[in-house]
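What follows is one structure encoded as structure tokens, with my remarks underneath.
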Amino acid sequence: MHLHGELGAGKTTLARGFLRACGVTGPVRSPTYTLVHVYALTALTVVHLDLYRLRGAEELDHLGLTEWALPGTVWLIEWPQRGAGALPPADLRVTLSLQTDAHEAQLDAETPAGGAWLKRLTDLRRAESS
């Protein structure tokens with residue numbers, strides 16, 4: 001998932017909620033300074049990147065991310081535009097924005113897998129509201 005939005009739009013909060021829903025019980029910190037946190041869970045691995053401090057995509061080479069490009073790995077990438085061309089493609093693009101009294105999230109499927117995720121979310125939401 002590529003997480004887009006201005007500073008304070010809720011990218012890290014969304015990532016924290018996702019990780020909690022996946023079963024992470026320990027601290028979930030923003031990887032702003034370390035750039036990457038990896039969470040090896042029972043059913044999957046989550047790689048949380050915050051590329052805000054990157055000056056260019058070439059800086060990703062030093063992070064050793066290719067070892068995590070495996071099936072069963074979910075990527076949550078904040079500020080993905082800073083690593084454009086060197087990142088795996090997004091299945092889902094999440095664009096967060098601040099409104100006057102709320103946050104807004106726009107989800108767009110970028111691949112068939114992303115489309116399947118969106119369909120599942122829509123189905124779950126419908127089931128909860130009925």
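A simple charge model with +1 on the Cβ of Lys and Arg, -1 on the Cβ of Asp and Glu and nothing else charged puts the dipole of the stretch 2-129 at about 300 debye relative to its Cα centre.
When the GluC sites (Glu not before Pro) in the stretch 62-130 are filtered for DSSP coil states and for at most 14 other beta-carbon atoms within 10 Å of their beta-carbon, the remaining sites are GLU110. What share of the DSSP beta bridges in the chain is antiparallel, in percent to the nearest 5? In the chain, approximately 50 percent of DSSP beta bridges are antiparallel ones. Rounded to the nearest 500, what is the chain's calculated 222 nm mean residue ellipticity when only DSSP H runs of at least 4 contribute -39500 (n - 2.57) each, over all residues? About -7000 deg cm²/dmol. Between ALA84 and THR34, the simple spin-label model (points 7 angstrom out along Cα→Cβ) gives 2.9 nm.
Length available on full extension from CYS22 to ARG126: 0.36 nm per residue minus the Cα-Cα distance, which gives 35.3 nm. Using modelled amide H (1.01 Å from N, peptide plane; none on Pro or chain starts), what sits under 5 Å from the amide H of HIS4, excluding residues fewer than 5 places away? So HIS4 has HN proximity to VAL94, THR95, LEU96. Among CYS22, PRO89, THR32, which residue has its Cα positioned farthest towards the positive end of the charge dipole of the chain, with +1 placed on the Cβ of Lys and Arg, -1 on the Cβ of Asp and Glu, and the dipole taken about the Cα centre? Of CYS22, PRO89, THR32, it is CYS22. Each listed q (0.10, 0.11, 0.15, 0.20 Å⁻¹) maps to a log10 I(q)/I(0) for the chain, found by the Debye formula over equal Cα scatterers with no solvent: -0.33, -0.39, -0.75, -1.34. Classify the stretch 64-125 from the C-alpha gyration tensor, please: rounded if a/c falls under 1.5, else prolate or oblate depending on whether a/b exceeds b/c. It is oblate, given that a/c is not under 1.5 and a/b is not larger than b/c. Summing Lys and Arg as +1 and Asp and Glu as -1 over all other residues whose Cβ lies under 10 Å from the Cβ of ARG93 gives a net charge of -3. For HIS103, neighbours were defined as the other residues whose beta-carbon sits under 13 Å from its Cβ, and their charges (Lys and Arg +1, Asp and Glu -1) total -2. Kirkwood analysis of the Cα pair distances in the stretch 33-103 returns a hydrodynamic radius of 13.4 Å.
With axes computed from alpha carbons, what is the tilt in degrees of helix 112-129 against the longest principal axis of the chain, rounded to the nearest 10 within 0 to 90? Its long axis makes an angle of about 40 degrees.
Rounded to whole numbers, the Karplus 3J(HN,Hα) couplings from phi for the stretch 51-67 are 9, 3, 7, 5, 9, x, 4, 4, 5, 5, 4, 7, 8, x, 6, 4, 5 Hz, using 6.51 cos²θ - 1.76 cosθ + 1.60 with θ = phi - 60°, and x at Gly and Pro.
Read-outs: derived from the displayed coordinates by stated rules, not from any lab. For clarity, every value in this text was computed on a predicted model and none was experimentally measured. Here Cβ is always computed from backbone atoms with ideal geometry, including for glycine, and neighbour counts include all displayed protein chains.
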